Amino acid sequence: MDSNVRRFPQMCDVIQTFETPRVSDIPAEVELQMQSLKLSGIVRPGQTVAITAGSRGVANIDIIIKHIAAHFLKLGAKPFIVPAMGSHGGGTAEGQKQVLEGYGITEQTMGVPVRATMETVVVAQTNRGMPVHFDRYASEADHVFVCNRVKPHTRFVGAVESGLHKMMLIGLGKHEGAKIYHRGILESSFPEILASVAERVLQVCRVVGGLAIIENAADETALLEAVAPGDFGTREPELLKLANQWLPRLPFPECDLLIVDAIGKNISGTGMDANVIGRKYNDHYATDNDLARCRRILVRSLTHETHGNGTGIGLAEFTTEHCVRQIDPVVTRINCVTGLHPEAAMIPITLPTDADAVETALQTIGLIEPEDAKVIQISNTLHLSHVRVSRACFETVRSSAHLRFDGEPYDFPVDANGRLKDIPAHQVMH
């Protein structure tokens, strides 16, 4: 089809400003927080310490993990790192090590061993008889130290969502634990499972502490806080409130079409954060509890760091042939089946090019003419400081205190091959 006859809205670049507290010296802050736990009286020289490292794209995670390990080395302990990521990395030990390598976490860079296994040990049972699976290497360690980002979960609401508790449950439960806990949702709520399993882990698995990470809306480290095991249950809900407050948002709560340049597991558990796009409670429309309402969503590609895991593609209505070619069906299937969310792997309507996909999506938004559609383009749901919006949104930008134009309006930026111009970000793999 001749691109000259396509009907698209004019666009303009927009910059969003968010509340962005930031840790200026991460190594120093990690050490300060670790000292606050006073572990020298608990961890003895020569004892082993398993440190968790997850699969999410946490900012500065290599620096953080390295200095946690360094603190234990100063105590004379023998720390090692365990990949704690459920079924990610294709559900294999080698795949999970490769995920960590992608984040700069290797034995060479960390100065301590990385011990990866998918084997678990059943260390206890909950009061409902559910087996508590735990990474074998971690179960054999003298102590376990939990590190994770605290943030809203993409699929459930509770006092505790994604953070230290979830790392003990899904991360250290590996593939077997993740399968059982997700299946348990059919019998009881996930917050109930989270609380009961975490309680048993804290009782029997020698967890010596945790380091909670909160990020700001610019995907930077905003807060690092060491938490004693006995305080996990009271402190994490408070940290979750902060994480919610600092979460990045779309520039407007409503749009006819949201274009997402890239999704991936390093961006969100569902590839694109359902808290941001407004599909936390239903994969394909916003409920009264959602803060954003996107009538249609188009996904253009996967991130390099997701290693073919296309989880979340099923939340979109449209995608491109290029994006579908990037998907590893085995990795994606394992993750979505384990998470009891097969809908997240469903392939949307697939078009040859970006231009074809946008044009088709704009035919499904009702009586609104394509030129008048409210369109938002983002790099991904982690990086929302720079976005692209259509002419129908310009007046809202002008009246907003946290939005400003970055340049003049221009024609919809697709080239002769039908490729849409990216929002600049390092995550996108083309």
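The values are calculated or read from the model by the stated rules, or taken from the named source; none is laboratory data. No experiment lies behind these values; they were computed from the predicted model shown. Cβ sites come from the backbone with ideal geometry, for glycine too, and all protein chains shown count toward neighbours.
Taking Val121, is it modelled with pLDDT under 95, in the same structural domain as His71 (by TED's automatic domain parsing), surrounded by fewer than 22 Cβ atoms within 10 Å (Cβ to Cβ) and in a loop (DSSP other than H, G, I, E, B)? Even if it seems obvious, please write down each step before you answer.
Values: modelled with pLDDT under 95: yes; in the same structural domain as His71 (by TED's automatic domain parsing): yes; surrounded by fewer than 22 Cβ atoms within 10 Å (Cβ to Cβ): yes; in a loop (DSSP other than H, G, I, E, B): no.
Taking the combined requirement at face value, the residue does not satisfy it.
Consider Met1 against the criteria (1) within 30 Å of Phe252 (Cα to Cα); (2) assigned to a loop (DSSP other than H, G, I, E, B); (3) modelled with pLDDT under 95: it satisfies all of them except one. Which criterion is unmet?
(1) is the only condition that Met1 fails.
Scan the stretch 258-289 residue by residue and report those that are crowded, with 19+ Cβ neighbours inside 10 Å and within 21 Å of Ala392 (Cβ to Cβ).
Matches in the stretch 258-289: Leu258, Ile259, Val260, Asp261, Val276, Ile277, Gly278, Ala286.
Tell me yes or no: at least one residue of the stretch 360-376 is within 22 Å of the chain's Cα centre (by Cα) and modelled with pLDDT under 95.
No, the stretch 360-376 contains no residue that is within 22 Å of the chain's Cα centre (by Cα) and modelled with pLDDT under 95.
Here are some residues: Val207, Val299, Val260. Which one is in the same structural domain as Gly86 (by TED's automatic domain parsing), aliphatic (A, V, I, L, M) and at pLDDT 95 or above? Explain how you work it out, then say what you get.
On the way: Val299 fails: in the same structural domain as Gly86 (by TED's automatic domain parsing); Val260 fails: in the same structural domain as Gly86 (by TED's automatic domain parsing).
Selected residue: Val207, the only one of Val207, Val299, Val260 that is in the same structural domain as Gly86 (by TED's automatic domain parsing), aliphatic (A, V, I, L, M) and at pLDDT 95 or above.
So Thr332 fits all but one of (1) touching an Asp or Glu at 6+ places or on another chain (Cβ under 9 Å); (2) surrounded by 19 or more Cβ atoms within 10 Å (Cβ to Cβ); what number is the exception?
(1)
Somewhere in the stretch 369-386, is a residue free of Cβ contacts under 8 Å to residues at least 24 places away in the same chain, in the same structural domain as Ala262 (by TED's automatic domain parsing), within 30 Å of Thr17 (Cβ to Cβ) and assigned to a loop (DSSP other than H, G, I, E, B)?
no
Go through Val14, Val23, Val99 for me and flag whichever is β-branched (Val, Ile, Thr) and within 21 Å of Met168 (Cα to Cα).
From the options Val14, Val23, Val99, the qualifying one is Val99.
Sort out which residues of the stretch 298-317 are surrounded by 23 or more Cβ atoms within 10 Å (Cβ to Cβ), in contact with a Leu (Cβ under 9 Å, 6 or more places away or on another chain) and part of a loop (DSSP other than H, G, I, E, B), and write them in order of number.
Listed by number, the residues that qualify are Arg300, Asn309, Gly310, Ala316.
Could you check how many residues of the stretch 352-383 are polar (S, T, N, Q), over 13 Å from Cys294 (Cβ atoms) and surrounded by 15 or more Cβ atoms within 10 Å (Cβ to Cβ)?
Of the residues in the stretch 352-383, 4 are polar (S, T, N, Q), over 13 Å from Cys294 (Cβ atoms) and surrounded by 15 or more Cβ atoms within 10 Å (Cβ to Cβ).
Looking at Arg183, Arg155, Arg128, which is the one that is farther than 30 Å from Pro27 by Cβ, surrounded by fewer than 24 Cβ atoms within 10 Å (Cβ to Cβ) and within 16 Å of the chain's Cα centre (by Cα)?
Matching residue, one of Arg183, Arg155, Arg128: Arg155.
Across the stretch 145-189, what is the number of residues that are assigned to a strand (DSSP E or B) and not hydroxyl-bearing (Ser, Thr, Tyr)?
Taking the stretch 145-189 first, the residues assigned to a strand (DSSP E or B) are 145-149, 151, 162.
Still in the list and also not hydroxyl-bearing (Ser, Thr, Tyr): 145-149, 151.
Selection size over the stretch 145-189: 6.
Under the condition of being in a loop (DSSP other than H, G, I, E, B) and in contact with a Phe, Trp or Tyr (Cβ under 9 Å, 6 or more places away or on another chain), which residue from the stretch 126-144 is modelled with the highest pLDDT?
So, considering only residues that are in a loop (DSSP other than H, G, I, E, B) and in contact with a Phe, Trp or Tyr (Cβ under 9 Å, 6 or more places away or on another chain), the one modelled with the highest pLDDT is Ala141.
Looking only at residues that are of a type in the set (Gly, Ala, Ser) and under 26 Å from the mean Cα position of the chain (by Cα) in the stretch 7-65, which one is farthest from Thr396 (Cα to Cα)?
Ala50
So in the stretch 216-231, with the set limited to residues that are acidic (Asp, Glu) and at pLDDT below 95, which one is nearest to Arg183 (Cα to Cα)?
Selected residue: Asp219.
Out of contact with any strand residue (DSSP E or B) (no Cβ under 6 Å at 6 or more places or on another chain) and under 15 Å from Gln16 (Cα atoms): which single residue out of Cys336, Cys393 fits that description?
The unique qualifying residue is Cys393.
Would you check which residues across the stretch 232-251 are part of a loop (DSSP other than H, G, I, E, B) and at pLDDT 95 or above and list them?
Leu250, Pro251 - these are the residues of the stretch 232-251 that are part of a loop (DSSP other than H, G, I, E, B) and at pLDDT 95 or above.
Is it true that some residue in the stretch 26-42 is among the acidic types (Asp, Glu), outside any strand (DSSP E or B) and exposed (fewer than 15 other Cβ atoms within 10 Å of the Cβ)?
no
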